[in-house]
Every structure is written in C-alpha cells, then in structure tokens.
Amino acid sequence: MSCDNGENKGNDNRLDAAYIKSIIALALFSFIFLGVEFFFDSRAAEVVDARRVLLYQSVILLASVAGIFIYALFERILGRKTTQIVLVGLNIVGVLSLVGIITGSEKLILAYGIAFFVVCGATGGDVYYTVSREYTDRKHLTVTVGISYAFGLLMQYINYNFIGSVVLRVVMFSFAIVALTVILLLESDVCTEDSSMVNTYYIQDCREKCDKTNADSSSVAVVLGVVILLMTFIFSALDNVVTLVHAEGGADVGQWPRLFLALSGIVAGFLFDIKDQRFMNQMMYCVTVLSVIAMLIIEFGGTFIIGLIVFYLAAGFFAVYFTTGFINVSYGVRWPSLLTGAGRAVNNIGAGIVGIISYMMITPPGIMVMSVVVILLLVLISIAVFVLENLQKKQYRRYDKEKVMESTGNSNARVEVDFERFADTHHLTGREREVLQKLLVSDDSVQDIADELYISRASLYRHVASMNEKTGTKTRVGLIQYYYGWHE
C-alpha cells in the first residue's frame, strides 16, 4: 500500500487521527496536572496554614520535574515502548496516591502528593514526546497546544464546580489517568513505503551540518530556558499571592475567573501562530509586562478580582509559550525526549524556587522591594529575549544558506535568494523548509531522513504532502524536479 503524496485516503485518516490524539492527550494531561495541583492545595489548606501550603505546592512541583527527567532517562535507556509499559504500573501508583491525598494525615498528604506528581511528571514527559512525534507541523503547533490547554481547563472547571463530592472528583481524575494511559499506548498506524529515497540531482553526506544544527538548537534551548525561568519568577510570585488568598479563604480562585485561563490559551494559540511564530517571543514579553501590572494592582491594594483576571489571561499565554517553545527546539537535538517536556520542567523549577523562598521569608517584602525586583527581572528578560531572537534568526538563516548552497553549487547570493523566494512564493512553513532542504541533499531512506530531522515518518509524509499541494506536484521526486526547474 502506497503512502505517496497524500493520495491514499486511508493514510489521510490516520494522520487526522494523530492530530486528534495529540489534542486529547494534551487536554487530559492539563486536566490531571492542573486539576490535581489545585485539588492538592485545597486539601492541604484543610490541615496546614497558608504559608505551609505554599511550601507543599513547591515540593510537588519539583517532584513533577523529577518525573519529567526520569521519563527522558528511561526512554533513552529502555526505549519508548518499554518505558510506556513501565508508566502503566506507575500510573496505578498515581491513582493510589490520589486516594491517599484524601485520607492521609498532614505528613502523609505531602508524601502522597510527591508520589503522585513524580508519576504525573513522567506521564507528562511521554505526552509531550508523543505530541512532538505525532504532530510536528510548526505552523499549527501553537493552535493545537492552546486548544488542548483550554479543554483541560474546562474539564477542571466542571470537575470543581459541578461535582460536589470530593470522592467523585478523585474518580474523575482516575478515569482521566486511565484514558490518557490508553491513548499513549496506541501507536499510530503509519503505512510504509519503499525504503529507498530517490534524489537523482544531488547526493552528499550532511552529517557535519546536522551536528551544526544540533549545536545551534542546544544554544537556543539554553537561552530559551533562561527566558522561561525568569518569566516564571514573575508569574509564580503572582501565583503565590493568589494561592495565599485562596488558602486563607479570602477568595475562591476555582470559580468563573479561572475560565479566562482557557480563553487565553486559545487566543495565545492563534496569535502565536501568526507568521509561523515569528512574533511569539515579542508577544510573550508584552504579556509578561501585563502580568507585572496585575501584580502591582494587587500589591497596592487594588481590586483582587481584576488582578486575578489579568493574571489568568497572562498565564494561559505563558503555558502555550513554554510548551511549544521547547517542542520546537527538540526537533534539532539528538535527545528530543529530554527537551519536549523541558518547558514544563523549567516552569515548575522556577515556581518551586519562588515558593520555597516565599515560605522561608519571615516577613513578606515591602511593595518597594517587590517593585525593584520585578523591574530587574524585566530588564534581564529583555536581554534574554533579545539574545534568543538573534540566535533563532541566525539558526534559520545559516540552515537555509548551507543546505541550499550544497544542493546546487550556484553562487552564495543567488542560492539564498532563490530558495527564500521559492519558499515565500509557495507559503512554506518553517518546518516545511527544513524538510525540503533535507530532501534536496539526501538519498537516505525515509526512516533515516525522519530520524535526522527528529520527527516521525508520519510527520515527514504530512510535510511532503503539504508541499505537494502547495506546488501542484504529485510525488517527492516531482517536488524536487519542480524546485530545480522553478523560475520566479
């Protein structure tokens, strides 16, 4: 059975199923992680004071980070299928830990919370890695993440506001865990094709250039991690204010304002998608400034509900930003499972640090001190975002120039202009450009090309099929022939 060029309707259906699988998996994970975190905070507030709730929350967030990296390590050593089988057993422990959170004493609540979030972090690592393998269309990845995040928040809202029994809420979380585990175990049924990849125009080993891409992506990952960590310090500081008010009974943050989280996730997904995410960093910076304004509103005695709404709107943008940011970077490194969940990991590390510092302070810092700290953080974020923007632009330009220069042998200026005009004229996404560049320089098998691009074979088929549609070609070889014969 051939998979060539999207002509096979059955293959299209399988690819559509991959999109749906990604959305459902991310939505369920968001529901479980955010819902149980909120549930744990509410349960802890029943047995300890508000400041200790902050400490407990920080500990479970750091426990989830350990789970994310445990998954990456297991996937690297044991392989993905074996690791998923191990996760089945771990999720049984997770469900039992949920029950323990309800029935446990003050000391045991924290122990059960740690156990649950280690398991939840490991499951999240598999979710993010699955999404990166199943759905690598850069142009619409932010939309997928945003919609998934919104669905997860809506499920959490319904579970909290329309189910009065604590036991039934735990049952809903347990059902979600089981459903997510089953979905992750389902492998996409991707059809195979001839193992030979014909490129009669150019044959060259690009291993050295792939190493260069790996180095560039690693640099971007480091700077992106710094940006997210600094932003997390700001968002977590405001989140701690919200958590304290909730724990002290000053406001119930699980009510209707929480719906703004879902709304902001969807809006962020579509806004970040503009121009293939070229303005995502700038947009996130503006949203961070908005969150600072929300913090100052609360600190200076303004209406709490206004600050809460602004915070929720900003937090949804941030969740989409750190999730898609690291999934995109993971395509260019040799250990992708380590980076796909790194956005959530870095965010949780920052939140844990802020929570522990807040707990250790005998007296809360004054408004002036908080203002100075926030301004310094904004300055550091500005510098980090500037460096990140330059690295990403430099990475794409170098990749385009080197790959296309190798594929033709024309002059440097002419080659770069020709490829950019071809890509712009046919509205190729950033990821499609990378795939086309690889097709132009390699005669490796389909699987080898997919592995070198750090995507699944199904994703490679999708990108080729999309370019076939945009260029009016029928086959991959036809796409390459069209490229070399194209004139503006």
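If the condition is being surrounded by fewer than 20 Cβ atoms within 10 Å (Cβ to Cβ), touching a Leu at 6+ places or on another chain (Cβ under 7 Å) and either under 18 Å from residue 126 (Cβ atoms) or modelled with pLDDT of 90 or more (or both), then segment 147-172 contributes only 170.
For segment 96-110, the criterion of being under 18 Å from residue 348 (Cβ atoms) and either in contact (Cβ under 8 Å) with a residue 24 or more places away in the chain or touching a Lys or Arg at 6+ places or on another chain (Cβ under 9 Å) (or both) is met by at least one residue. Taking the numbered list (1) hydroxyl-bearing (Ser, Thr, Tyr); (2) modelled with pLDDT under 75; (3) under 17 Å from residue 91 (Cβ atoms) in turn, residue 2 passes all entries but (3).
Matching residues to (1) under 15 Å from residue 453 (Cα atoms); (2) within 11 Å of the chain's Cα centre (by Cα); (3) of a type outside the set (Lys, Arg):
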{"position": "308", "(1), (2), (3)": "no, no, yes"}
{"position": "312", "(1), (2), (3)": "no, no, yes"}
{"position": "322", "(1), (2), (3)": "no, yes, yes"}
{"position": "328", "(1), (2), (3)": "yes, yes, yes"}
{"position": "337", "(1), (2), (3)": "yes, no, yes"}
{"position": "342", "(1), (2), (3)": "no, yes, yes"}
{"position": "348", "(1), (2), (3)": "no, no, yes"}
{"position": "352", "(1), (2), (3)": "no, no, yes"}
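So, of the residues in segment 418-430 that are modelled with pLDDT of 85 or more and within 25 Å of the chain's Cα centre (by Cα), which turns out to be nearest to residue 277 (Cα to Cα)? Per the stated criteria, the residue is 429.
For (1) among the aliphatic types (A, V, I, L, M); (2) touching an Asp or Glu at 6+ places or on another chain (Cβ under 9 Å); (3) farther than 22 Å from residue 185 by Cα, each residue gets a yes or a no:
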{"site": "37", "(1), (2), (3)": "no, no, yes"}
{"site": "53", "(1), (2), (3)": "yes, yes, yes"}
{"site": "61", "(1), (2), (3)": "yes, yes, yes"}
{"site": "70", "(1), (2), (3)": "yes, no, no"}
{"site": "74", "(1), (2), (3)": "no, no, no"}
{"site": "80", "(1), (2), (3)": "no, yes, no"}
{"site": "83", "(1), (2), (3)": "no, yes, no"}
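Scanning segment 27-83 for residues that are modelled with pLDDT under 95, closer than 18 Å to residue 96 by Cα, among the small types (Gly, Ala, Ser) and surrounded by fewer than 24 Cβ atoms within 10 Å (Cβ to Cβ) yields a single hit, 35. For segment 260-279, the condition holds for no residue, the condition being that it is among the aromatic types (Phe, Trp, Tyr), modelled with pLDDT under 75, part of a helix (DSSP H, G or I) and over 15 Å from residue 321 (Cβ atoms).
Taken over segment 5-26, the criterion of being modelled with pLDDT of 70 or more and either charged (D, E, K, R) or in a loop (DSSP other than H, G, I, E, B) (or both) is satisfied by 21 alone.
Only a single item in (1) open to solvent by 20 Å² or more (accessible area, probe 1.4 Å); (2) in contact with a Ser or Thr (Cβ under 9 Å, 6 or more places away or on another chain) is not met by residue 420, and it is number (2).
The values are calculated or read from the model by the stated rules, or taken from the named source; none is laboratory data. As the structure is a computational prediction, the values presented were derived from the model and not from experiment. Because the Cβ atoms are built from the backbone with ideal geometry, glycine has one as well, and the counts that use them run over all protein chains shown. Just the protein is used for accessible areas: all its heavy atoms, side chains included, with ligands, DNA and RNA removed. Shrake-Rupley method; radii C 1.70, N 1.55, O 1.52, S 1.80 Å.
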